[in-house]
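J.: Sending over a structure as structure tokens; questions will come in a sec.
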Amino acid sequence: MEPNFCYQVPVVIGAGISGATIAMLDPSVVVYDKGRSSGGRVSSKSGNDTSSYDFGATMFRDFMEVSWLGQETKYSILEILKSQSVSLPIKPIYSEAHFYPALGMANLVSAMFGSVKPIQSHTLKKIESLDEKTWNLEFHNSATKQKDTICTHSVILTLPIPQILEIFHRSKENPQLKQWIDFLNQYNDYRKTIVSYFYWDKWKPNWKKLSLNPDAKIPITTTLQPGTDWEYQSWESLKYPQEFHSGSALLVQFGALFSESHFEDWMDEKKNPTPKYKDYLIQSLKEILNAPKPNLIWNHRWKYAQAQMPLLGREGTLNLDSEAFEKWKQLCRDTGITILGDWLFGAKIERIIGGVYFLSHNDLL
Ligand SMILES: Cc1cc2nc3c(=O)[nH]c(=O)nc-3n(C[C@H](O)[C@H](O)[C@H](O)COP(=O)(O)OP(=O)(O)OC[C@H]3O[C@@H](n4cnc5c(N)ncnc54)[C@H](O)[C@@H]3O)c2cc1C
């Protein structure tokens, strides 16, 4: 593995919200991502034949808390963004504490990247130590179909654990990677989520019947019924109304059990539902919403949608006074590889932004 180039700055892998937060706080970093665009699980679709919609995260909470050395600190995500001169139009949704960007969730990530332009279409394949302090990273460039190898003294990985383990197992055996593999295994638990987007050009539901109030000061545009098949429904046409006159659009995130059992054959390569699911979806829309056949159905699936057993907990205060967090810090220090993301902070945007902000401001990153 011969590097073509050696960076003197940290190299971040992953241009999702974790990578964007790191880049916002330290614009000198270099960011690589395998996708064609940034965002990861904070993804929006816009333009072409449909309207805008979010098919990953749909909103974020403003506040989060961290407890460290016995002291609790509360952070506002909007204040953090302001303090870093990140400006984007944001609207309230659902409650006084929840927000979404008026131009789509992906706009949050791109605004946070600011002047940092992630290097897209680069999939990290292997990581190998060159000497005690240097890591070689080998990428597959899907645009040129070639290998690119670089080196750095500091690597920050923000991918879901299964994707990290795949890279580590493909790489030459190394005691430092082995330490990380042993540590990460205990947090390697993710739920799958399949989603469908429905678009009608000339039909709207009866909002009152759905107990939704699009005209309220803080619009209620979502319904959540935990554990059910059609678990989470987000009316994207209410979030992005400028593109709708007589029609509507709905994004459904299906429940964990349903997602697990229908994951494999959920869609074809063009993201169309397979015929079996097309019939099921149209029939269910009729039963659940009394809706006509939509003009468009688009399916997607998230294999590693949300970490289930994050080191710092799924909800509530991030508690940094734990043995597990000490071990995490030590591994980062000893290996020159920092690994973070929703498996560390919990699968919530505010926990990731606030968590990375806290670590960075306390020299823990
Ligand atoms: C359907 C769904 C709904 C959600 N709803 C909400 C919500 O409403 N509110 C909320 O707060 N949170 C929500 N979440 C959770 C939230 O989206 C995630 O916790 C968060 O986006 C994770 O960000 P990340 O940057 O850590 O990881 P990711 O977004 O997964 O970013 C990792 C990046 O790494 C890249 N990558 C992967 N492998 C490689 C490789 N080998 N080489 C290079 N790059 C690679 C990927 O392309 C990706 O861009 C939701 C998640 C899902 C899936």
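J.: Could you look through the range 202-247, keep only residues that are within 19 Å of Phe99 (Cβ to Cβ) and among the acidic types (Asp, Glu), and pick out the one that is farthest from the chain's Cα centre (by Cα)?
T.: Out of the qualifying residues, it is Asp215.
J.: If you check Leu250 against the conditions, is it under 21 Å from the mean Cα position of the chain (by Cα), at pLDDT 95 or above and in a helix (DSSP H, G or I)?
T.: no
J.: Let me ask another. Inspect all residues belonging to the range 89-96 and state whether any of them is within 15 Å of the chain's Cα centre (by Cα), within 12 Å of the ligand (Cβ to nearest atom) and either assigned to a strand (DSSP E or B) or in contact (Cβ under 8 Å) with a residue 24 or more places away in the chain (or both).
T.: Within the range 89-96, none of the residues are within 15 Å of the chain's Cα centre (by Cα), within 12 Å of the ligand (Cβ to nearest atom) and either assigned to a strand (DSSP E or B) or in contact (Cβ under 8 Å) with a residue 24 or more places away in the chain (or both).
J.: Let me confirm something: among Leu331, Leu344, Leu365, Leu359, which residue is at pLDDT below 95 and either more than 8 Å from the ligand (Cβ to nearest atom) or surrounded by fewer than 18 Cβ atoms within 10 Å (Cβ to Cβ) (or both)?
T.: Leu365
J.: Oh, and also: Determine, yes or no, whether Ser28 is over 30 Å from Asn136 (Cβ atoms), small (Gly, Ala, Ser) and either in the same structural domain as Ile119 (by TED's automatic domain parsing) or crowded, with 16+ Cβ neighbours inside 10 Å (or both).
T.: So Ser28 fails the test.
J.: Identify, please: which residue in the range 11-61 is in a strand (DSSP E or B), farther than 25 Å from Leu251 by Cα and touching a Phe, Trp or Tyr at 6+ places or on another chain (Cβ under 6 Å) and is, among those, nearest to the ligand (Cβ to nearest atom)?
T.: So, considering only residues that are in a strand (DSSP E or B), farther than 25 Å from Leu251 by Cα and touching a Phe, Trp or Tyr at 6+ places or on another chain (Cβ under 6 Å), the one nearest to the ligand (Cβ to nearest atom) is Ile13.
J.: Continuing with the same structure: Checking Ile218 against (1) part of a helix (DSSP H, G or I); (2) in contact with a Ser or Thr (Cβ under 7 Å, 6 or more places away or on another chain); (3) β-branched (Val, Ile, Thr), which test does it fail?
T.: Only one criterion in (1) part of a helix (DSSP H, G or I); (2) in contact with a Ser or Thr (Cβ under 7 Å, 6 or more places away or on another chain); (3) β-branched (Val, Ile, Thr) is unmet by Ile218, namely (1).
J.: Restricting the search to the range 193-221, which residues are buried (at least 20 other Cβ atoms within 10 Å of the Cβ) and either among the hydroxyl-bearing types (Ser, Thr, Tyr) or in contact with a helix residue (DSSP H, G or I) (Cβ under 6 Å, 6 or more places away or on another chain) (or both)?
T.: Thr193, Ile194, Ser196, Tyr197, Tyr199, Thr221
The values are calculated or read from the model by the stated rules, or taken from the named source; none is laboratory data. The structure presented is a predicted model; accordingly, all values stated were derived computationally and were not measured. Using ideal geometry, Cβ is built from the backbone for each residue, glycine included, and neighbour counts are taken over all protein chains shown.
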